[in-house]
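First the structure, in the form of structure tokens, and then the observations on it.
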Amino acid sequence: MTPALVAAGESTVGPTLALILGAGMLAQWLAWKLQVPSIIALLLAGLALGPGLGLVDPDELLGGTLFPLVSLAVAIILFEGGLDLPPRELRNTGIVVRRLISVGAVVTFLVGWYGAREIFGISNQAAIVLGAVLVVTGPTVVGPLLRFVRPTGTTGPILRAEGVLIDPIGATAALIAFEIVLTDAPGEAVSTVVGVVILTIVAGVGIGLAAALALDTALQRFLIPDQLAIPITFAFVVASFVASNEVQEEAGLLAVTVLGMYLARRESSTIRQVLEFNESLRTLLISALFILLAARIEAQALQDVLLPALGFLVVLVLVARPLSVIVSTVRTSLSWRERVFLMTMAPRGIVAAAVSAIFALRLEEENVPDAAKIVPIVFLVIIGTIVVYGFMAGPAARRLGLAEAQANGILIAGSHATARGLASELSKRDIKTLMVDTDPYNVTRAIAAGLPARRMSVLADEAAHDLDLRGIGRLLAFTSNDEVNALATARFARVFGRREVFQLTPGKRRTGDSVPEEYLGRLVGIDGITYATLDERSRQGWRVRGAPSGPLIEQAVADNLFIPMVRVIDGRMAFLCRNDPLPTEGDVIGVAAPSMQRQLDAEEAAQDPTDPAGTDRPSGNDHRPAGAESSGVGEQSRGDNRPARAP
């Protein structure tokens, strides 16, 4: 090849990579906007850029480095998956996860092997390797689907742990299957299997643990400066992956998983920074990998196995997965609803594609019959399972009561009187609320008023996992402690996204400063609302009220008799933030002065013929027993709502 041709080829690499990343981010954004699983949008983008328009040819673009780069990207994703597996989750779901990745994987392999041999009519050797490859699911596909569905209970942690742990097991199973089909003597096959398993465990677990201990010790003793913590961590990931693969093929995925799970035991700011960085990197990698995967598909190769693949897909979805879940959950505490949902989630992803391509090529070199059919079958299974599970998991979770169609509800940190008033007004409009507070008095008052509340710190490690967040899609940090509010929004930004975490405006301290803006969530209130303002207004008799938008609300806001906080239109709510316009339709919920409350009561009485006088209605929404003293927002709190000062 002449230098001119080499230069011409190199000149296309940059634009093509930019096209892949740009298309990936556009697909992710469209999926978020249209509320569909992102992996489906990514597959469609890859099919359009590859077989559709011919703009991307992964093999021509990356050549022999394609699969090593894919394997390395998968290793980084698996490391992040292990890092995001808290030990508490594994303890709570351990028995089910262990069964799914052991006996459940064996069931999947047996059904896949038999189904592939009978449906496609391929050789027994090719069917064995294909069945082993299709054992894997993986965080590259399970993770995005779980973030889209957001199931409650233990099903999410179980599926997340299964996806992370099954990938190295599936890759090892494919290697074992490959060695078995090339071995003639049964005794030699047994010794080969034992040798591969032992070497994989020794290399993967040994090197992974050694790397984890070395890195953890260096971080604990501050031998690594902060600016190098993340780069050095990823250097350890790459080094342990490569070293394990040098000792035993496909052991690298196990090594990085062990490395991530060990570091997950450490609750430190450095580990959190690594996890936050890796989450962004994971999104980029998943976007690029799925587009590359779809762009490699050859239409002609798919046509030859398309019809049988539909039948094979039915076997995997309706036979293999249900049987795997049944044998893995027998005599466990999971409800039947949770077991059924586990049956609706087993998509195949990048690892299956990469492993199948590698071993199919080797089988072809060994002249194994039908080896060339493995890759197109796996690609069709990947596409089919992503589409089926992508569209089935959400409706199934909602039908089973494990998720809700719209996450329109609010998690409120704080259950003082104003928080209870806000929750009551939202509940009247069928918007779900859940309050958390460490003060038993406030929590008891909320429960007595018929409002969902939990005695728990919003900053507790288990808050995001133990709370029932079905139908809840945003946080309002509503406590008197500005630091607690800021920390709560930072923590729940990982759960709901930065767009859906809100808090009160921090007040000025005695020193004249306040919480820096970089640590804050979105600030509630058109002009900003501080806790001190709410406290003062509450002592003056202001209460939370809701009313239709219109001239009355507009005039009350202009006269400083009403502080708007929330608008509700057609059953959907949104917080009013700084500089937002006052709504002209729907209902507005806010804090009303006593004179404004009387006007609202008069309007309600005029519209309600059963209560013409309105005299029996208490003014405002303080949710206290009849005759009790009004507590307002300023009632003393002994939990998160208490100002950060000594008693």
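The values are calculated or read from the model by the stated rules, or taken from the named source; none is laboratory data. Keep in mind it's a predicted model, so treat the numbers as computed, not measured. For neighbour counting, all protein chains shown are included, and Cβ atoms are generated from backbone atoms with ideal geometry for every residue, glycine included. The accessibility values were calculated without ligands, DNA or RNA, using every heavy atom of the protein model including side chains. Shrake-Rupley method; radii C 1.70, N 1.55, O 1.52, S 1.80 Å.
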(request) Would you mind getting the Kirkwood hydrodynamic radius of region 207-320 from its Cα pairs, rounded to one decimal in Å? (result) 17.0 Å
(message) In Å², and per residue, what accessible area does region 156-222 have when probed at 1.4 Å with the other protein chains present?
(response) 41 Å²
(request) Report, in degrees rounded to the nearest 10, the 0 to 90 angle that the Cα long axis of helix 417-428 makes with the longest principal axis of the chain. (result) 70 degrees
(request) Using the Cα centre as the reference, give the magnitude of the dipole from point charges on the C-beta atoms of region 299-400 (Lys, Arg: +1; Asp, Glu: -1; all else neutral), rounded to the nearest 20 debye. (result) 740 debye
(request) Can you grab the distance from the C-alpha centre of region 167-182 to the C-alpha centre of region 264-305, Å, no decimals? (result) 22 Å
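Please give the charge dipole size of the chain, origin at the Cα centre, charges +1 on K and R Cβ atoms and -1 on D and E Cβ atoms. Round to the nearest 20 debye.
So the dipole magnitude of the chain works out to roughly 1580 debye.
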(message) Nearest 500 deg cm²/dmol is fine: what mean residue ellipticity at 222 nm does the chain get from its DSSP H runs of n ≥ 4 alone, each adding -39,500 (n - 2.57), divided by its residue count?
(response) -20000 deg cm²/dmol
(request) In nm, give the distance between the simple-model label positions of Ala464 and Arg337, each being 7 Å from the Cα along the Cα-to-Cβ direction. (result) 2.4 nm
(request) Would you work out which of Ala592, Cys577, Val566 lies farthest towards the positive end of the dipole of region 560-599? Charges go on Cβ: Lys and Arg +1, Asp and Glu -1. (result) Ala592
(request) With the full set of protein chains in place, find how many percent of the accessible area of the chain is carbon and sulfur; take the probe as 1.4 Å. (result) 58 percent
(message) I'd like to check one number: the per residue accessible area of region 543-612, probe 1.4 Å, reported in Å² as a whole number.
(response) 49 Å²
(message) On a full-extension model of 0.36 nm per residue, what is the gain between Arg399 and Asp226, subtracting their alpha-carbon distance, rounded to one decimal in nm?
(response) 57.6 nm
(message) If you fit an axis through the alpha-carbon atoms of helix 3-34 and take the longest principal axis of the Cα set of the chain, what angle between them do you get, 0 to 90°, nearest 10?
(response) 40 degrees
(message) Output the 0 to 90 degree angle, nearest 10, between the alpha-carbon long axis of helix 269-295 and the longest principal axis computed from the alpha carbons of the chain.
(response) 60 degrees
(message) What distance in nm lies between label points placed 7 Å from Cα along the C-beta direction at Glu279 and Glu365?
(response) 4.2 nm
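Keeping every protein chain present and rolling a 1.4 Å probe, give me the accessible area per residue for region 316-456 in Å².
Heavy-atom SASA per residue in region 316-456 reads 37 Å².
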